[in-house]
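The values are calculated or read from the model by the stated rules, or taken from the named source; none is laboratory data. No experiment lies behind these values; they were computed from the predicted model shown. So basically every Cβ, Gly included, is an ideal-geometry build from the backbone, and we count neighbours across all protein chains shown. What goes into the accessible areas is simple: the full protein's heavy atoms, side chains included, and nothing from ligands, DNA or RNA. Shrake-Rupley method; radii C 1.70, N 1.55, O 1.52, S 1.80 Å.
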Amino acid sequence: MAAALVGGALRGAVFGELLKAVSEEKDKAVTFKDRLEQLESTLRNSSPLIEEIEKLNQMLDRPKQETENLVRMMEQGEQLVLKCSKVKWNCFKRYVYAKKIIKLDTSISDFCRTNLPLQHTRDSRLILVEVKEMHTMVRRMSGNGNINGWMSNQVGDCCSAPDPPVITPGLDVLLKELKMELFKDGRQFIVVSAAGGYGKTTLVQRLCKDDQVQGKFNDNIFYVTVSKNPNVKAIVQKVLHHKGNRVSEFQTDEAAINDLERCFKQMRTEAILLVLDDAWSGSESLLQKLGFQLPDYKILVTSRSEFPQFGPAHYLKPLTDEAARTLFLHSANLQDGNSYIPDENIVSKILRACKGCPLALKVVGGSLCGKHEVFWQRMVKECSRGESVFQSKNDILDCLGSSLDVLNNEVKECYLDLCSFPEDQRIPISALIDMWMELYELFDDVFAITNLHELSSQNLVDRVVTRKTAGDYGCYNDDFVLQHDLLRELTICRSKSEPINQRKRLIVEISGNNFPKWWMDQKQHPNNASLLSISTDETFSSNWPDMQGPEVKVVVLNIRTKKYVLPDFLQKMDELKVLIVTNYGFSPAELNNFRVLSALSKLKKIRLEHVSLPNSLATVRMSHLQKVSLVMCNVGQVFRNSTFKISDAFPNLLEMDIDYCNDLIELPDGLCDIVSMEKLRITNCHRLSALPEGIGKLVNLQTLTLTACTELSALPDTIGNLSRLNFLDISECLNIRKFPERFGELCCLKTLCVIGCPISEVPSTNLENLQVVICDEETAEQLAYSPPGRARIEVIQEDSNLNFLN
């Protein structure tokens, strides 16, 4: 009877048996009757939803892992229900079983809720293998730009508005005005205008998160950052993907606009809100093209410009004295009553100098947090300049610049390096660490992280952490920073304050093939620069003029083209130690001319993001290289090439990071022959199903991270040979259920991470140095029956929507 409620293998016997068990046992197990009745109701309500989910999975040719895990969970649930009727007076067992029933009920509900088509995008641990013909490789992204390139913004809610700051004083009145404008008929465009740093983005973030606004527009709120040079195709691709549509690679902007219009017209009975944040002067044509004639379709624009052709703008005024004081005290941490409170006169002078600019109040307040009174007095003198008001953007930059000047020199230099990355893009912390370690000769990455914390504490950057424990143990693949565009302008202004041949860092932005005049004339070269950043757009042809950079240690190449040729002049940069190539285009870029790197004897680290590795890499030899990072790259073609052996190409590697490489099925030939390897991190590679037995030859390996390799089913027994391994992370490896027999031979293992991994026992044999096992609540319950020796169990609260898979 119960089985007849649903159809198919999943929804047949297993589902039916569980429902039957619940129906029969609820009257016998009186202690759990309420819980079982709730579970029965959930099962009956979930039946059609589970059927819809399985149909969708079949239609998209998705792997069966999810439904198989659901089957397994239901089978375990049936055994749990049958045990309930046998529990009589044991209070502890009643508590434990009741908790498990609640968890089972919640897990089934979560399965249906998180998998409803077009309702929620899939969790990052599994979505990356689901969308055909796209190498979508990053989770944890909000819609506010993206440091990992456009493609990394395709996973998760890529057009969802980021959460606004906790404290946003002074915005309530204008927020109410905007809501009224949104809810009334007639006007399609709503423009919010103000100078940089006055809270336009914060205001619209609050608007998008407002309950009434979300009630009207539901899932049809699309938030995208436009920036100075808008990429129309990328904007449309984000919106289409967010809506669940198949995303194509458009040949022209017009084709992209037409596709978006078709998509919106299919939703014509629904209210739609398109938020275009940070539109620059000159974006009028784009706005007009997006103004489709549809009922209840609103476009909300934030800009430093007014765009009068779209109607009167809503202006953000400086904060009132009361609101400015609230924000400043919060930023300086004075509201907790524990920080040093300076003379009221000093506070008032700083507030008058900041003139109600929220960004200035946050940055200046952050720079003074916990500082002695002398720093406050200095800030008054530097920032106010006779209590001058902000009459222009330059005045704001001057005030913000005063906050930079209170930093120690190394931290300030680190901050100025952030302008190496494009506007409105998140910046990977791992890339910054690579840069700073070499630029400032840091002994350990902890010093780089300390500098980053200093910048964050002073509100100069916003840190985005997408995996709670990652950075705590030296893996920062999931950590990023965001920089306000006005603060980026400040860093660029500082970098341009000297002649080309005297600058410490040279930032070059190329539109088309229009190189700067100084470069084409070959009259000036960056003879003093230690950092070179070159950004090119999708029309760049890779025809490079010569450049001399005898002191350059770090090169950052920000690209957008389908094909990209590394410049020949790199081979003459004898001091080059770090190369970072990031593709922000839609498709992985074909990267060529690796041969120019072979002669660079000091090159230590290469980071490639969203590129395709060419077969010609098989002929490259870089015996000096110490670290390779591959993020969202197409690696399968070269890794499967019979002529490529990674131990020949990079024989002396110490570290290798492979993150979100969707075509990684097996590790490259020769990897296990690089006995110098100390750190190997393979994360979010969902098609990697096995590690080679030869991994036991990596006798110097100290760190092994295998996070979210969901198809990885076991660790090889030879892992026992890794006598120096002190850190192992197999979190979110959903198919690893037990450790190999020789796991107990890891005598130096100190930290073991098994968050979201269905491990029930940790062998304690010889694991005398194991200090901590980091896991989720469910795994902790299992380990309580077989404690891992003297190691403590540290429970991490998961924030995933698919915890039932554990």
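A Förster distance of 22 Å, applied to the separation of the beta-carbon atoms of Glu344 and Asp172, puts the FRET efficiency at 0.25. The apolar share of the surface of the range 244-385, taken as the fraction of accessible area on carbon and sulfur atoms (1.4 Å probe, ligands and nucleic acids excluded), comes to 48 percent. At q = 0.14, 0.17 Å⁻¹ the log10 of I(q)/I(0) for the range 582-739 amounts to -0.68, -1.01, computed by Debye summation with a single uniform scatterer per C-alpha, solvent ignored. Taking only protein heavy atoms and a 1.4 Å probe, the accessible area of the range 590-704 is 46% carbon and sulfur. Each label was represented as a point 7 Å from its Cα along the Cα-to-Cβ direction; for Ile102 and Glu761 these points are 3.0 nm apart. Extension gain, Ala784-Ser598: 0.36 nm per intervening residue step, less the Cα-Cα distance, totals 61.7 nm.
Each part gets one Cα centre, and for the range 502-545 versus the range 713-727 those centres are 47 Å apart. Sorted on the mean count of surrounding Cβ atoms within 10 Å across their residues, most packed first, peptides 233-245, 433-445 read 233-245, 433-445. For the residue pairs Lys209/Lys371; Lys604/Lys645; Lys228/Lys371; Lys243/Lys627; Lys238/Lys563, the alpha carbons lie more than 29 Å apart in Lys209/Lys371; Lys228/Lys371; Lys243/Lys627.
As a size descriptor, the averaged projected area of the C-alpha convex hull of the range 192-239 was calculated at 4.1 nm².
Radius of gyration (Cα atoms) of the range 181-288, expressed as a multiple of 2.2 N^0.38 Å: 1.09. Kindly state, to the nearest 0.05, the FRET efficiency for Gln293 paired with Ser616, given R0 = 41 Å and r defined as their beta-carbon distance. That gives a FRET efficiency of 0.20. Peptides 456-462, 550-556, ordered by how many other C-beta atoms sit within 10 Å of their residues on average, highest first, read 550-556, 456-462.
Along its three principal directions, the equivalent ellipsoid of the range 427-558 from the Cα gyration tensor extends over semi-axes of 30, 16, 15 Å, largest first.
Taking each residue as 0.36 nm, the span from Phe375 to Asp546 lengthens on full extension beyond its C-alpha to C-alpha distance by 56.9 nm. Between Ser623 and Arg737, the contour length at 0.36 nm per residue exceeds the Cα-Cα span by 37.2 nm.
Taking a point 7 Å out from the Cα of Ser713 in the direction of its Cβ, the residues of the range 727-753 whose backbone N falls within less than 20 Å of it are 730-743. Accessible surface computed residue by residue for the range 573-674, with neighbouring protein chains in place and a 1.4 Å probe, gives 30 Å² per residue.
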